[in-house]
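Bear in mind these aren't lab numbers, they're just calculated from the coordinates by the rules spelled out. Remember, predicted model here, so these are calculated numbers, not experimental data. All Cβ positions, even for glycine, are placed from backbone atoms using ideal geometry, and neighbour counts span all protein chains on display.
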Amino acid sequence: MKRILAITAAALVIASCGQKIITDLPRGKSGPTLDKAFDEYLQAIERDSVNMHSIMILQHGKVLKEKWFGEAGPDIPHILHSVSKTFTATAVGLAISEGKLSLSDRLVSFFPDKLPDMEALPEDQRANLEAITVRDLLTMNCGHDTDPSGKIRSREDDWVEAFLAIPVVHAPGTYFCYNSVGTYMLSAIVQKVTGEKVVDYLTPRLFEPLHIEKPRWEESPQGINTGGWGLYLKTEDLAKMGQLFLQGGKWNGKEVLPAEWVAEASSLQVPSVPAGIRPERAAEMGKTSDWVQGYGYQMWRCRHGAYRADGAYGQYIVVIPEKDAVIAATAKVMDMQKEINLFWDYLLPAL
């Protein structure tokens, strides 16, 4: 079988038996409008001291703009923080498609040997714990009053047991509380039902089809990928993930993710308004905040009909269906709203 390697516009394409397999994203030529907008964006981040590490802009499946800053580079994997959650949710979606899981499966059914003394719990808390489903974990609605992640992540004992011992004071499905260790529980569930760590389970199903090489994912003391954080990937890998979602789960003409899962994960599943905020205040916040637009399955809804994977200190995969566009970015910023506002102010109008 004859193979021909050709490098065109920084996109590596392997032609084999008449089929083209894209290993790097194809590059395209941007027009004067985007060129001007991108220059103004770069001036704005310098003026506002926004510590960007990288940005990549795709439209119609081609990279139109890309830039790395400081010591960052195209071949250097970057810590993703909570962008990791979207990859864990993808593993859940694939396990569901293979019949290993369902959204309605109860959390306690996977770890009966790690439950607290159920008879000692108040009746309402016992009922709430027993009611938590996979969907509740995916939507940050497991019923905890506050995020227990900081306390659990510092422990050396079993994180699953520690999570199950946290009081579940709200009925699952009724109370949004961002919960990174809830995503760890999804990772533990995937490992339980597949016999593989999430990173290994995703390798032939997601990473290899997208030609994402050597992903590294941190683990708990129990040898379970941390799920809600700890994944390292390159900026182009993030862009590929965004493009996969934009294409309804297809890559090189083949289904990598079920289209139904992509649609559900990226849709508004639950409100993301912080508890205690009055409706009129929430409506006002919604005009300027990308954190009150709703939440899907480990993905945030945005203004402008967009949605995103989102990690601390400014890691983003922003998918903008109305523009057939993706923005992937890494950074180290404290004001993440400012970072995304600059996307909307300078880049969105030029797409």
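The alpha-carbon of residue 85 sits under 21 angstrom from the alpha-carbons of these lysines, leaving out residues fewer than 8 places away in its chain: 100, 151, 192, 197, 214, 234, 240, 250, 332.
Protection proxy ranking of 111-124, 305-318, by the mean of other Cβ atoms within 10 Å over each peptide's residues and highest first, is 305-318, 111-124.
Computed per residue of the chain from DSSP H runs no shorter than four, each worth -39500 (n - 2.57), the mean residue ellipticity at 222 nm is -9000 deg cm²/dmol. Taking a sphere under 10 Å around the Cβ of residue 303 and counting the other residues whose Cβ falls inside, with K and R at +1 and D and E at -1, yields a net charge of +1.
Taken about its Cα centre, the chain carries a charge dipole of roughly 1240 debye when the Cβ of each Lys and Arg holds +1 and the Cβ of each Asp and Glu holds -1.
Of 224, 55, 277, the residue with the greatest mean-square motion in the GNM of the chain, using alpha carbon springs below 10 Å, is 277.
Quick one: go through region 337-351 and flag any residue whose amide nitrogen is under 19 Å from the point 7 Å out along the Cα-to-Cβ line of residue 288. Of the residues in region 337-351, 337-346 have backbone N under 19 Å from the label point off residue 288. When the Cα positions of 32, 79, 42 are compared along the charge dipole of region 26-102, 32 comes out farthest toward the positive end, with charges on each C-beta of Lys, Arg, Asp and Glu. Checking a compactness column here: for the chain, what do you get for Rg(Cα) / (2.2 N^0.38 Å), N being the number of residues? The reported ratio for this selection is 1.01. As a proxy for reagent exposure, ranking 280, 255 by other Cβ atoms within 10 Å from fewest up yields 280, 255.
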